[in-house]
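Undergrad: Can you read through this structure? Questions will come right after.
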Amino acid sequence: MKRLALTALALCLALAPGCYDLTELTELGLIESVAIDTSAAGEGYEFTAEFMTPADRGDDAIQGKGFEPWLASADGPTLHAAINHIRRRVSRLPFYQHAEVVVFGRPLAQRGLTSALDLLTRDSRGRRTLRLVVTEGTGREALAATSGLETTAAGALVGLLEIQQTMGYSRMVSLNEFMLMATSEAGMGLLPLVRAAKQPGSAAGEDEPLLEVAGLGIFDGDRLVGTVEGPAARGVLWLRGELGRGALFGTLPGGQVSAEFSGVSSRTRAAFVRGEPAIRVEIQGRLTLLEDGFGVPLVKKVPMMEDLFEAQVRTEVEAALDEVLRGMRADVFGFADALHRSDHRQWQRLKGSWREWLAGLNVEVDVKLSLGHLGLTTTRILFGGP
Amino acid sequence: MTDVEQGKVSSGQVVLMYFVFRLFTMAVLLPLVSTGTAGRDSWLSALLVGVWTALITLPMLLLARRFPTEAPAAYLPRVVSRPVAVVIGILFAWYFLHLAVIELRQFADVLNTALLRETPSLLLTGLMLAVVAYAMDQGLEVIARSTQIIASAIIAIALFVLGLSAIHWRLENLAPVLANGWRPVLVTSFSPLGWFAETVIVLFLFPYISDKHTLPGKLYAVIAASAVILAAFGTAAPAMFGAAEAQRQTFVGLTIIRSISVAGFLERLDPLLIVALISGVFVKAGVLLYLAALVLAQTFGLQSYRGLVLPISVLALGFSRIVFESTLEARHFFAPHVMTPYALSITTGLPLLVLAVAALRGQRGGAS
């Protein structure tokens, strides 16, 4: 009898699986990405969420039977108030746990992200693996832009940033990475910069703006202090050793050449020389030849090409140092941490005036690229004829 | 006098109980990082904790081996007089109850924060206490056997999580080593000592261990293993988040596990923590509340501790609601200047006192 009663009791437990926290799938609104902006009033926040329903993630969605993600916005005096106000417009329970990207509008980023970062790291619904992005306009505009091949802005942003991670002029930054940068000795960090822009050649009124990666946003603490694009953005990543693959090209007497770099790493050596900081960055990488347009014997042209590409990297690095280190007086290269590691006591003496040192900081850069792979052919095309 | 507990356990089972205690506290609080000040040098503090624990455990073991077949309640009246023995018994019963209540509250707080935001913590604690009370009623052997099964799962989870988190470690965050000298490292090493002093459970379980002679070796091996795993967690937190961010976390272990992402698909491993948490609190609350009931029954000469299981469980349920107003208050209590002296004065101070008196009087129990 006792055993029977216990069995019946155990079976009853199956009827009570987390009933207090139970939410049916059909009551959920899945959030793919969020945008955080300043409110129209100026001081407050505007919060935008890109919603899907669980059905949108079902078989029909996989088979391409399209749907439109839905954007809902609300504002409030604090970010949390804005997030709560969105409930007045959404018929389902917002489910934040699957959000992939947070987009900060430029005006908010310039004002400061402290409150947003605090909420994101404090609320258990967020994760430190969330990707952070800053956009040139407002975050809402970025989420409303055409997502290209993807069905959601979140998908487009993650896809674009994953490609940049290996190819180019920006990089993916998680919430945890940004917090690490912001709490480092320099207290400065970077985020990928995106924009919603018309494609080249599209006339006014044609085509919706398309999301594209523009470069990097540079932060002093929680505030955006500037942006870098093109060679300077890549220069930042050369110095940080955070480039996967990418192209280098140039002209040598006799023709054009190009190569793909890979295996990039950088090492910062910092020291105090007569009480002053001295920085040396060693950048290394491998090259694979892609275009060979001039007819010089292989043994001669390999060093020529390496010199050419190393010079190009130095140019990009100098552009980064000019724009970011000297122009914005921002150290997003880890120099402060390297100095701290090299001599803790001298660094403590210098730390308070680090920004003043940045404009005149002498950074020696040593670039070593080795062209080790020639691709599937050895020489340039040898055309026949007289 | 017939002992209120007739069961026998092995020394391996007892040290596994202690190991689960350690892993549970690391998974939830990681006081080394959350209340310590060593920052990036926390791993050094962890290794020192192992040394301190080995030292403070010595008087407990010496006392236990002096009276190998007797429960403390049996020999304490002979050593320190009956009234003092009653006070010591009550103090230990209180300590075990208090510790169990703290762990139950932490368990409910983590679940309420991370997973079950709407579920009343009273329900979470109450359901757990129902299972714990059942295990207590079944006796020491059942608790020990459950611990054996649960420990293997918790150890596997701890090693799995540490291994995966290592992918995210940035060891440069740990440099420069000892930038602020040894002082913060030393101070921080006292932070988890209040928890590590839970080795005192062996003092009360010693009479029921069948292979007593193997206990010291196994216990010191587990203390060393606990210190090494603590050092690994003490490395993981600052290496992943930076020293400042690591210290800002309420539940460091939870943040570590939530930050793991391997190749974009092996992530959201929180359920592993929840498994470790639920099974860990079962062992810890089970052993501690059992000891509270056992010590009270032995101190006051009851025929069985089982009559105390229900009152102590109800008391623990109510007490878990009021033990802390908030996590902030809990954090203050766990600070090295509060928790450590409180725990050490009971777990180390009292056995040391009794050992000294027994040694001076040349008192000794029967051979094992």
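Undergrad: Out of the range B:278-295, which residues are surrounded by fewer than 24 Cβ atoms within 10 Å (Cβ to Cβ) and aliphatic (A, V, I, L, M)?
TA: B:ILE278
Undergrad: Then there's this: If you take the residues of the range B:174-202 that are in a helix (DSSP H, G or I), touching a Phe, Trp or Tyr at 6+ places or on another chain (Cβ under 8 Å) and at pLDDT below 95, which of them is nearest to B:ALA239 (Cα to Cα)?
TA: B:LEU174
Undergrad: Continuing with the same structure: Do we find a residue being part of a loop (DSSP other than H, G, I, E, B) and over 30 Å from A:GLY372 (Cβ atoms) anywhere in the range A:218-229?
TA: Checked against the condition, which is being part of a loop (DSSP other than H, G, I, E, B) and over 30 Å from A:GLY372 (Cβ atoms), the range A:218-229 yields at least one hit.
Undergrad: Within the range A:1-109, considering only strands (runs of 3 or more DSSP E) that don't extend past its boundaries, which have at least 3 residues that are at pLDDT 85 or above and among the aliphatic types (A, V, I, L, M)?
TA: A:28-38, A:70-76, A:101-105
Undergrad: For the range A:277-296, does any single residue satisfy the condition of being at pLDDT below 95 and within 14 Å of chain B (Cβ to nearest Cβ)?
TA: no
Undergrad: For B:ILE167, are the conditions met, namely being more than 10 Å from chain A (Cβ to nearest Cβ) and either closer than 22 Å to B:GLN13 by Cα or in contact with a Lys or Arg (Cβ under 9 Å, 6 or more places away or on another chain) (or both)?
TA: Criteria not met by B:ILE167.
Undergrad: Next question, about the same structure. For the range B:179-187, does any single residue satisfy the condition of being surrounded by 21 or more Cβ atoms within 10 Å (Cβ to Cβ) and out of contact with any strand residue (DSSP E or B) (no Cβ under 7 Å at 6 or more places or on another chain)?
TA: Yes, there is a match, as at least one residue in the range B:179-187 is surrounded by 21 or more Cβ atoms within 10 Å (Cβ to Cβ) and out of contact with any strand residue (DSSP E or B) (no Cβ under 7 Å at 6 or more places or on another chain).
Undergrad: Considering (1) in contact with a Phe, Trp or Tyr (Cβ under 7 Å, 6 or more places away or on another chain); (2) more than 14 Å from chain A (Cβ to nearest Cβ), say which one B:LEU230 fails and leave the rest.
TA: (1)
Undergrad: With the structure loaded, tell me whether B:ILE223 is over 22 Å from B:LEU289 (Cα atoms), touching a Lys or Arg at 6+ places or on another chain (Cβ under 9 Å) and at pLDDT 95 or above or whether it fails that test.
TA: Yes.
Undergrad: Here's a follow-up. Within the range A:167-198, count every residue that is more than 14 Å from chain B (Cβ to nearest Cβ) and polar (S, T, N, Q).
TA: So the answer is 1.
Undergrad: Taking the range A:355-366 as the region of interest, how many residues are assigned to a helix (DSSP H, G or I) and out of contact with any helix residue (DSSP H, G or I) (no Cβ under 6 Å at 6 or more places or on another chain)?
TA: 3
Undergrad: Given the criterion over 14 Å from A:LEU191 (Cα atoms), in contact (Cβ under 8 Å) with a residue 40 or more places away in the chain, surrounded by fewer than 16 Cβ atoms within 10 Å (Cβ to Cβ) and in contact with an Asp or Glu (Cβ under 9 Å, 6 or more places away or on another chain), identify the matching residue among A:THR151, A:THR121, A:THR114.
TA: A:THR114
Undergrad: For residues that are surrounded by 20 or more Cβ atoms within 10 Å (Cβ to Cβ), more than 27 Å from A:LEU325 (Cα to Cα) and more than 12 Å from the chain's Cα centre (by Cα), tally how many sit in the range A:154-196.
TA: Of the residues in the range A:154-196, 3 are surrounded by 20 or more Cβ atoms within 10 Å (Cβ to Cβ), more than 27 Å from A:LEU325 (Cα to Cα) and more than 12 Å from the chain's Cα centre (by Cα).
Undergrad: For the range B:111-132, give me each residue that is surrounded by 16 or more Cβ atoms within 10 Å (Cβ to Cβ), among the aliphatic types (A, V, I, L, M) and either more than 14 Å from chain A (Cβ to nearest Cβ) or in contact with a Gly (Cβ under 9 Å, 6 or more places away or on another chain) (or both).
TA: B:LEU115, B:LEU116, B:LEU129, B:VAL132
Undergrad: From (1) crowded, with 22+ Cβ neighbours inside 10 Å; (2) touching a residue at least 60 places away in the same chain (Cβ under 8 Å), pick out the condition that doesn't hold for B:LEU162.
TA: Failed condition: (1).
Undergrad: Report yes if A:GLY126 is in a loop (DSSP other than H, G, I, E, B), more than 21 Å from B:ALA239 (Cβ to Cβ) and facing chain B (nearest Cβ under 10 Å), otherwise no.
TA: yes
Undergrad: Within the range B:142-154, can one find any residue that is under 29 Å from B:ILE260 (Cβ atoms), without any contact (Cβ under 8 Å) to a residue 12 or more places away in the chain and either away from chain A (no Cβ under 14 Å) or assigned to a helix (DSSP H, G or I) (or both)?
TA: yes
Undergrad: In addition: Looking at A:VAL317, A:VAL302, A:VAL313, A:VAL324, which is the one that is in a helix (DSSP H, G or I), more than 26 Å from the chain's Cα centre (by Cα), of a type in the set (Val, Ile, Thr) and under 20 Å from A:ASP366 (Cα atoms)?
TA: A:VAL302
Undergrad: A further question follows. Hey, can you tell me all the residues within the range A:262-299 that are over 30 Å from A:ARG341 (Cα atoms) and either of a type outside the set (Phe, Trp, Tyr) or assigned to a strand (DSSP E or B) (or both)?
TA: A:LEU287, A:THR288, A:LEU289, A:LEU290, A:GLU291, A:ASP292, A:GLY293, A:GLY295, A:VAL296, A:PRO297, A:LEU298, A:VAL299
Undergrad: Residue check, A:LEU376 against (1) modelled with pLDDT under 95; (2) of a type in the set (A, V, I, L, M, F, W, C); (3) surrounded by 17 or more Cβ atoms within 10 Å (Cβ to Cβ), all met but one. Which one?
TA: Exception for A:LEU376: condition (3).
Undergrad: Then there's this: Where residues in the range B:233-271 are facing chain A (nearest Cβ under 9 Å) and part of a strand (DSSP E or B), which of them is surrounded by the most Cβ atoms within 10 Å (Cβ to Cβ)?
TA: B:SER261
The values are calculated or read from the model by the stated rules, or taken from the named source; none is laboratory data. Keep in mind the model is a prediction, meaning the values are calculated, not measured. In this analysis, Cβ positions are derived from the backbone assuming ideal geometry, glycine residues included, and neighbour counts consider all displayed protein chains.
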